[in-house]
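Below is one structure, written out as structure tokens; the observations come after it.
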Amino acid sequence: MELPIGGRYLLVKPIQTRRDGMLYSARDLSLHRDVLLYLYSDSNERREASLQALGPASRFSNEQYMHILDAGMHEGSVYAVLNAPKGAPLAGELHRHTLTPAEILHAIFELAKGMQNGMEEKILGFPVTADNIWLAEDKRLVVMNFWAEGDPAGGGTQGLCSLLYQMAVRTEEVPKPFDGFRRRLSEALAGLPPEQSEAVMSLIWRVFLEKEPMSSFVLDLRAILERMKPAAYSPPFHAPAGTPGAEPPEPAARIRPEDSPRRQLPVPPALPLQGDRTAAAAEVPRITSGAVSEAGEDGETSRRGGKLRFTLLVTGSGLVAAVVFVAVMALLLNGFGRNEDRKETEQPQIPPAAAQGRQPPADTTGQPQNDKAKSADSAGSEPLKIPDLAGMTQKEAEQILLEKHLHYYFELKPNDKPAGTVFKQQPEANTPASEGDTVNFWVSKGR
């Protein structure tokens, strides 16, 4: 019987063959739990480096990374014990995963945020291509080995774009020329709205040609996801014709009133306009006359029907007149209100002297000079700049950004600043901006 690794970990079966070792499912005999065990096949000169890299990595915890439970040496090989969520290696799921293009983008975005947090803790240099990613059952992408450096092209934002290509096209091969990359990925993202698909391709172009940093990548991808609507990227109905349930259910909006059961209550006809009184008078006798003829009433009943027609005509005319009167009064009141608003919002003209930078003449209208200065300032159009958020509370920062019509994204981080206050922002204060730009800021959680 094979001895447990480290005296407590019993190998169950191999899961994935890796370039530097093997990934196993294992059983922790001490705590009676299932774990993953990463067994290295490093040469003697690399064993010490692997053990040293595992130390700092074991102290880092993030849901986008597998947590290192234990590490050590066994018969000359380095091993690491990992706590993984339910799922499987992504490399084996590329051809059968069920994620839509929008879900893939969201998973990439969450992974990018986790990598940005890892960069702050000096966790970087690892690949994020499919062979180093675990696909959890909750559709989360989790990095398996984040303590060993790999190919630079497979890490950072370029690695994330390669991972997006692998998941969308469902292949492990990533073409080197960008033209082939772009063509196949555009076809795979056909389920997205055209505008968002083009925005994704533009982002990938900037990553490969302009080396876009992780912070900008996260903000740009977040903006793309925010502009999406669930109905815009819902997968189309692809059931084959002639099969049970092949036709999608008829939407409620297409049910016509005439198709409903005849037992429903009749809808009263709309009141005619004042100019159509003749048509209304002609219509009412036809309905009443038909009812009388079908009932077979005598001459006395016909005379009563004539009185009823006259009463209906007078009542209808009165209602039409009331509706017209109410409409006219509403128009008059609306016009009066607009005139009042125009008077209240009208701003005084800036004197020529003030426009030239000279002191304006003494006020002779009785309006305070300070009020005139405020009006003159509000009439000018100053360029929008990023406000200084340092020291503000989270609510204060959000309020001032909303007032300036700016989007924002914030994160809570441990910091020496008082809890709940902003200690960092991007872009910096007083940077020129336009309405709709995104400001990223960090709020202290204290120590």
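The values are calculated or read from the model by the stated rules, or taken from the named source; none is laboratory data. Since we're looking at a predicted model, the values are computed, not measured. Cβ atoms come from the backbone with ideal geometry, glycine included; neighbour counts cover every protein chain shown.
Can you say whether residue 172 is among the acidic types (Asp, Glu), in contact with an Asp or Glu (Cβ under 9 Å, 6 or more places away or on another chain) and either farther than 19 Å from residue 21 by Cα or surrounded by fewer than 18 Cβ atoms within 10 Å (Cβ to Cβ) (or both), as far as the supplied structure shows? Spelling it out, residue 172 is indeed among the acidic types (Asp, Glu), in contact with an Asp or Glu (Cβ under 9 Å, 6 or more places away or on another chain) and either farther than 19 Å from residue 21 by Cα or surrounded by fewer than 18 Cβ atoms within 10 Å (Cβ to Cβ) (or both). The set of residues from the stretch 409-423 being in a strand (DSSP E or B) and out of contact with any Phe, Trp or Tyr (no Cβ under 7 Å at 6 or more places or on another chain) comprises 409, 412, 421. Being surrounded by 15 or more Cβ atoms within 10 Å (Cβ to Cβ) and over 26 Å from the mean Cα position of the chain (by Cα) is a property that does not hold for residue 34. Looking at the stretch 122-169 only, could you name the residues that are aliphatic (A, V, I, L, M), free of Cβ contacts under 8 Å to residues at least 60 places away in the same chain and surrounded by 22 or more Cβ atoms within 10 Å (Cβ to Cβ)? Selection gives 128, 130, 133, 135, 160, 163.
Pairs meeting the criteria (first residue in the stretch 420-440 and surrounded by fewer than 18 Cβ atoms within 10 Å (Cβ to Cβ), second residue among the hydroxyl-bearing types (Ser, Thr, Tyr) and part of a strand (DSSP E or B), beta carbons under 6 Å, at least 6 apart or on different chains) are 420/393; 423/444. For the structure I just gave you, tell me whether residue 108 is at pLDDT 95 or above, under 30 Å from residue 412 (Cβ atoms) and touching a helix residue (DSSP H, G or I) at 6+ places or on another chain (Cβ under 6 Å). Spelling it out, residue 108 is indeed at pLDDT 95 or above, under 30 Å from residue 412 (Cβ atoms) and touching a helix residue (DSSP H, G or I) at 6+ places or on another chain (Cβ under 6 Å). Pairing residues of the stretch 12-31 that are farther than 17 Å from residue 87 by Cα with residues that are charged (D, E, K, R), at Cβ distances under 7 Å and at least 6 apart in sequence or on separate chains, gives 20/42; 28/8; 29/8; 30/8.
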